[in-house]
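The values are calculated or read from the model by the stated rules, or taken from the named source; none is laboratory data. This one's a predicted model, so the numbers in the text were calculated from it and none came from an experiment. Reconstructed Cβ throughout: ideal geometry from the backbone, glycine too, with neighbour counts over all protein chains shown. Calculation scope for accessible area: heavy atoms of the full protein, side chains included, ligands and nucleic acids excluded. Shrake-Rupley method; radii C 1.70, N 1.55, O 1.52, S 1.80 Å.
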Amino acid sequence: MKSLCHILLGLLSSVYAYSQSREISFDSEILEETRNIRLYVPENYTDDRAYPLIVVLDADYLFDLVVTNARFYASNDQMPESIVLGIDQKGQSDKDCIYDAENGFPAGKGADFFEFIGGELLPAIADKYNLANFKMIAGHLFSGNFINYFMFKDQPIFDAYIDIQPEFAPLLEKRIPDRLAALSSTKFYYLATGEDADKNQVERIHNLNTSMKKVKNEHVFYFFDSFENTDGHAAASCAIPRALNNIFAIYRPITPYEYKNNILTSENPVYEYLDTKYKRAEDLFGFRKPVSINDIMAIYAGCLKKEDMTSLEQLSELAKKEYPDTMLGYYFEAEYLEKTGDTKKATRAYKKAFGMKEIDFIHKDLIMERIEAINY
């Protein structure tokens, strides 16, 4: 039988430069059947960087919803560009996700489907594309229950779980908090319910939420939404954007709230906040994000507000590295030198900045004003 890799090599010999997504017939040896797979690869995909992977179950109706939101957030620098892999389950989700009635874990076709995802499909995608360390899985109803099984592996292959209106197997909502409490690697868990869904489901989901609030594990980031006047199906359209927004919060540019409540109130050096934010994002996603001009300006404002000149000097070096052709780095260096009393070196640095490209609020007239102010 053909593997997905062979199909991809035949159908996808070039990067998806002009298409948004493809449907691929995948002959599975584990399932002994052909499955319809949906694949979205960012239009500007390059092997030079790594991409998070989002696996979507019940892709026949969830895939487009995830792709649309992922593209929107990525285009606004709210999350990294990601590869989205969907598995269609129309009419067979209950069979794919079947579990043993006594122990509540996958059995029969459900056990095969579990192995198909982790042992066959993901390795095929990893062979073809440069995947980041960060992997996410999303499920709804039966598949919402199913995605939880992956966290019970000794080394869970997913780092984030989007669990929408899950129809829990016996005792699973009691096992999830204990498992998450025991994990030693960073995990994100998003849970959502529509209040107009089946009352028994809603009650079990709320019980899990109550238990999750008691979990004490610094490695686990938990989020919960309960949508009023929404049934279990409509909850999916509300939950996907909320989940991505919460899970990728660390990736987003520094917000006014962060600046006011985290940077200005911290006793640590201002530059340390930026350095920690980007290192943590790199650890999670497997690549270092270019430092945005928004974040540099936020740290710059914090340096001036807190009169943290050491951080301003560090910021000038970072700006030279991130924006080497612009005035930014030498302007910050000049301001640092000016404020620490070395006007001669400050003047030289301002003159270096003057010959470079303008950026943000820094322009030639401003630099001339600063040079005149310290020399005349």
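Enumerate the helices (runs of 4 or more DSSP H) found wholly within the range 105-177, keeping only those where 3 or more residues are within 19 Å of the chain's Cα centre (by Cα). First the steps, then the outcome.
Values: elements: 109-115, 122-128, 142-146.
Ranges flagged: 122-128.
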Residues (of a type in the set (D, E, K, R) and assigned to a helix (DSSP H, G or I)) located in the range 198-227: 199, 203, 204
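Go through 352, 306, 339, 289 for me and flag whichever is in contact with a helix residue (DSSP H, G or I) (Cβ under 8 Å, 6 or more places away or on another chain), basic (Lys, Arg) and in contact (Cβ under 8 Å) with a residue 60 or more places away in the chain. It would help to see each step written out before you state the result.
Numbers: 352 fails: in contact (Cβ under 8 Å) with a residue 60 or more places away in the chain; 306 fails: in contact (Cβ under 8 Å) with a residue 60 or more places away in the chain; 339 fails: in contact (Cβ under 8 Å) with a residue 60 or more places away in the chain.
Of the residues listed, the single one that is in contact with a helix residue (DSSP H, G or I) (Cβ under 8 Å, 6 or more places away or on another chain), basic (Lys, Arg) and in contact (Cβ under 8 Å) with a residue 60 or more places away in the chain is 289.
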Search result, residues across the range 286-321 that are among the β-branched types (Val, Ile, Thr), open to solvent by 40 Å² or more (accessible area, probe 1.4 Å) and under 30 Å from residue 186 (Cα atoms): 293
Those residues of the range 41-66 which are closer than 18 Å to residue 243 by Cα and surrounded by fewer than 22 Cβ atoms within 10 Å (Cβ to Cβ), in sequence order: 61, 64, 65
Top-ranked residue in the range 242-256 [being in contact (Cβ under 8 Å) with a residue 60 or more places away in the chain and farther than 17 Å from residue 135 by Cα; ranked as least open to solvent (accessible area, probe 1.4 Å)]: 253
Complete set of residues in the range 211-235 that are in contact (Cβ under 8 Å) with a residue 40 or more places away in the chain and within 18 Å of the chain's Cα centre (by Cα): 220, 222
Residue in the range 322-335 that is more than 19 Å from residue 352 (Cα to Cα), surrounded by fewer than 19 Cβ atoms within 10 Å (Cβ to Cβ) and modelled with pLDDT of 95 or more present: no
Among (1) among the acidic types (Asp, Glu); (2) more than 22 Å from residue 272 (Cβ to Cβ); (3) not in a helix (DSSP H, G or I) - the single one residue 307 does not satisfy: (2)
Selected residue (only one of 181, 138, 197 is open to solvent by less than 10 Å² (accessible area, probe 1.4 Å), touching a residue at least 12 places away in the same chain (Cβ under 8 Å) and not polar (S, T, N, Q)): 138
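Using the structure shown, decide if residue 261 is closer than 27 Å to residue 194 by Cα and either surrounded by fewer than 19 Cβ atoms within 10 Å (Cβ to Cβ) or at pLDDT 95 or above (or both).
Working: closer than 27 Å to residue 194 by Cα: no; either surrounded by fewer than 19 Cβ atoms within 10 Å (Cβ to Cβ) or at pLDDT 95 or above (or both): yes.
Considered against the rule, which asks whether it is closer than 27 Å to residue 194 by Cα and either surrounded by fewer than 19 Cβ atoms within 10 Å (Cβ to Cβ) or at pLDDT 95 or above (or both), residue 261 comes out as no.
Rundown of residues vs (1) closer than 22 Å to residue 67 by Cβ; (2) in contact with a helix residue (DSSP H, G or I) (Cβ under 7 Å, 6 or more places away or on another chain); (3) not hydrophobic (A, V, I, L, M, F, W, C), yes/no style:
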residue: 155; (1), (2), (3): no, no, yes
residue: 163; (1), (2), (3): yes, yes, yes
residue: 173; (1), (2), (3): no, yes, yes
residue: 208; (1), (2), (3): no, yes, no
residue: 213; (1), (2), (3): no, no, yes
residue: 223; (1), (2), (3): yes, yes, no
residue: 235; (1), (2), (3): yes, no, no
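Out of curiosity, is residue 155 of a type in the set (S, T, N, Q) and open to solvent by 30 Å² or more (accessible area, probe 1.4 Å)? Full working, then the answer.
Working: of a type in the set (S, T, N, Q): yes; open to solvent by 30 Å² or more (accessible area, probe 1.4 Å): yes.
Spelling it out, residue 155 is indeed of a type in the set (S, T, N, Q) and open to solvent by 30 Å² or more (accessible area, probe 1.4 Å).
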